[in-house]
Amino acid sequence: MRKGILDAVDNTFLSALQKTIEAKDATKFATAYRQTIEGCYSCHKAAEKPYLRLQIPDHPEAPIINFDPAAKWPE
Ligand code: HEC
C-alpha cells in the first residue's frame, strides 16, 4: 500500500510539478505543489504517522513539518 502511494507521489504529483516548472507556470505550480504535499501526507497517515504534517515553507530553510496540533491542512 505504501509502495502504491510512493509511486503515485513520484509518477503523478512530482512529474506534474516538474511539468509546471518546465512550463514556468506559477499558478499551476502552486496547485501542483499543494497536491504533492497532500500526496506526501496521505502516506504519512497510511504509515500511522499523522503527526508528520507537512507545510509549505514560507521562507528559506523553514521547517516542512508543522507540529501545531490544531493545523487543518493537509487533511
Ligand atoms: C511511501 C510513503 C511516504 C511518502 C510517499 C512520503 N513519505 Fe515522508 N515519511 C514516510 C515515513 C514512513 C516517515 C517516517 C520515517 C521514520 O519515522 O523514520 C516519513 C518521514 C518524513 C519526514 C521526517 C523525516 C525526519 O527527519 O524524521 C519528512 C520531512 C517527510 N517524510 C517529508 C515527505 C515529503 C515532503 C514527501 C513528499 C514529497 C513525503 N515525505 C512522502 C513515508 C512517506
Condition met for residue 36 (under 12 Å from the mean Cα position of the chain (by Cα) and without any contact (Cβ under 8 Å) to a residue 60 or more places away in the chain): yes
Pairs, please: C-beta under 8 Å, at least 6 apart or cross-chain, first residue open to solvent by 70 Å² or more (accessible area, probe 1.4 Å) and in region 1-27, second assigned to a loop (DSSP other than H, G, I, E, B)? 2/47
Out of the helices (runs of 4 or more DSSP H) lying entirely within region 2-74, which hold 3 or more residues that are within 10 Å of the ligand (Cβ to nearest atom)? 2-7, 26-46
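The values are calculated or read from the model by the stated rules, or taken from the named source; none is laboratory data. Given the structure is predicted, the values throughout are model-derived calculations rather than measurements. Heads up, the Cβs are rebuilt from the backbone with ideal geometry, glycines too, and the neighbour counts pull from every protein chain shown. Note: areas computed on protein heavy atoms with side chains; ligands, DNA, RNA excluded. Shrake-Rupley method; radii C 1.70, N 1.55, O 1.52, S 1.80 Å.
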